[in-house]
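Take a look at the structure set out below.
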């Protein structure tokens, strides 16, 4: 499962759980108010106050709903992070099939491969002591195999690995 899909599912489930918790809290409060009204009805309307209601004597915040809310909010935050985070692109080194190349073609390929941002076509001939025609034919063969790419730069070509 992709991280964005997982994040979307976690966020949706977190929102649903939070809404359910709010709904049950409202229902619980309504039941408490109804119980207080019934208790006040038995004792008379004059004795009706929050301090005299047996259901409001223990008015501290319950720890379990608070911890559950924090946990669900944390899970929702993780889901949002997964939903909005960018996917990392994995760069793999490409393997080239050099089995059909002769010695000169491999030398040209290695020279291009070892140059960081490509190499000018004229420098290939100078470094390997080859004629322009020979370099052009070798580069044509490598380009037809899909191993290299030539880009026009002014009056010369820059050669890069595909």
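Surrounded by 14 or more Cβ atoms within 10 Å (Cβ to Cβ) and either in contact (Cβ under 8 Å) with a residue 40 or more places away in the chain or not in a strand (DSSP E or B) (or both): does that describe residue 105? Judged against the criteria, residue 105 is a match.
Residue count for the stretch 67-97 satisfying the condition of being surrounded by 10 or more Cβ atoms within 10 Å (Cβ to Cβ) and touching a residue at least 12 places away in the same chain (Cβ under 8 Å): 15. Name the pairs: first residue in the stretch 149-162 and in the same structural domain as residue 114 (by TED's automatic domain parsing) and farther than 10 Å from residue 119 by Cβ, second residue in a loop (DSSP other than H, G, I, E, B) and modelled with pLDDT under 85, Cβ to Cβ under 6 Å, at least 6 apart or on different chains? Final answer for the pair search is 149/162. With respect to residue 160, is the statement that it is over 30 Å from residue 2 (Cβ atoms) and in a helix (DSSP H, G or I) true? No. The set of residues in the stretch 141-159 that are out of contact with any strand residue (DSSP E or B) (no Cβ under 9 Å at 6 or more places or on another chain) and at negative phi comprises 141, 144, 145, 155. Remark: pairs (first residue in the stretch 18-40, farther than 15 Å from residue 66 by Cα and not assigned by TED's automatic domain parsing to the domain that holds residue 64; second residue outside any helix (DSSP H, G or I) and modelled with pLDDT under 80; Cβ separation under 7 Å; 6+ apart in sequence or on different chains) are absent.
The values are calculated or read from the model by the stated rules, or taken from the named source; none is laboratory data. These numbers come from a predicted model, not from an experiment. Neighbour counts run over all protein chains shown; Cβ positions are idealised from the backbone, glycine included.
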